[in-house]
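Asks: Encoded as structure tokens, here's the structure I'll be asking about.
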Amino acid sequence: MEATIAENLRAVKARIAAEAEACGRAASAVRLVAVSKTHDADTIAQALEAGHRAFGENRVQEAAAKWPELKRRYPGVDLHLIGPLQSNKAKEAVELFDTIHSLDRPKLAEALVRLRDEGHALPRLLVQVNTGCEPQKAGVLPTEADAFLARCKAEWKLEVAGLMCIPPVGQEPSPHFALLRKIAARHGLAELSMGMSDDYPVAVSLGATLVRVGSAIFGARPPVG
């Protein structure tokens, strides 16, 4: 019999706690973001019924179709945008999400500044770093991260809570996680969003405070229609 979503959540949280404690960290220092992208509201509700409240979505439009009603039914949801954000979707994202993991370019920073200046409360912001320097992937290049973070602080007056990365598929993730931690330390940033279903234990051992786990909780993602 396949494990239920509630059982999967318990197993992942137990693994996070064990990895954290093994390296001298408190289990509470690492938060699990259940990646619910492409899953329908009924599936997500199983995790909500199990008491979980932090979820990650890749696309603003998909999240907007299912989360307002789920948030109404289940108070206390903490919704994270973990996919790339187009500048023209910034307003909708700001109104829907509690944390945005994918601040990665001046145009998006300036769009967020405009929204803030119009009176919108901004979500927590993480800067995405393209640690593998992959041309097809979003994120600030590691060599440009210091300058971008400096502009966020000095020029745009944006409060950045931390950093996020997605290591290249097929590569050992540890060097990427270590690089992200090093950049964050230089800037005094507390949040490190790193680690997914295949590598979250490694991420926890290297300082992750947010791990983004989807298939280990919900199973294989359904095909996108």
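Asks: Quick one: residue 2 ticks every box in (1) in a loop (DSSP other than H, G, I, E, B); (2) exposed (fewer than 13 other Cβ atoms within 10 Å of the Cβ); (3) at pLDDT 95 or above except a single one, so which number is it?
Replies: So residue 2 meets the others, but not (3).
Asks: State whether the residues of the stretch 147-157 include one that is within 17 Å of residue 82 (Cα to Cα), modelled with pLDDT of 95 or more and touching a helix residue (DSSP H, G or I) at 6+ places or on another chain (Cβ under 6 Å).
Replies: No: the stretch 147-157 contains no residue that is within 17 Å of residue 82 (Cα to Cα), modelled with pLDDT of 95 or more and touching a helix residue (DSSP H, G or I) at 6+ places or on another chain (Cβ under 6 Å).
Asks: Going through the stretch 57-100 one residue at a time, which ones are outside any helix (DSSP H, G or I), touching a helix residue (DSSP H, G or I) at 6+ places or on another chain (Cβ under 9 Å) and small (Gly, Ala, Ser)?
Replies: Scanning the stretch 57-100 gives a single hit, 83.
Asks: Output the number of the condition that residue 167 fails; it satisfies all remaining conditions of (1) touching a strand residue (DSSP E or B) at 6+ places or on another chain (Cβ under 8 Å); (2) free of Cβ contacts under 8 Å to residues at least 60 places away in the same chain; (3) surrounded by 15 or more Cβ atoms within 10 Å (Cβ to Cβ).
Replies: Going through the list (1) touching a strand residue (DSSP E or B) at 6+ places or on another chain (Cβ under 8 Å); (2) free of Cβ contacts under 8 Å to residues at least 60 places away in the same chain; (3) surrounded by 15 or more Cβ atoms within 10 Å (Cβ to Cβ), residue 167 breaks only (1).
Asks: Suppose we keep only residues that are buried (at least 19 other Cβ atoms within 10 Å of the Cβ) and within 17 Å of the chain's Cα centre (by Cα) within the stretch 109-125. Which one would you say is farthest from residue 83 (Cα to Cα)?
Replies: 123
Asks: Would you point out the residue of the stretch 51-100, among those that are of a type in the set (Val, Ile, Thr) and touching a His at 6+ places or on another chain (Cβ under 6 Å), that is surrounded by the most Cβ atoms within 10 Å (Cβ to Cβ)?
Replies: Looking at the filtered set, the residue picked out is 82.
The values are calculated or read from the model by the stated rules, or taken from the named source; none is laboratory data. The shown structure was predicted, so the numbers you read here are calculated from the model rather than taken from an experiment. Every residue, glycine as well, gets a Cβ built from its backbone with ideal geometry; the counts of neighbours run over all protein chains shown.
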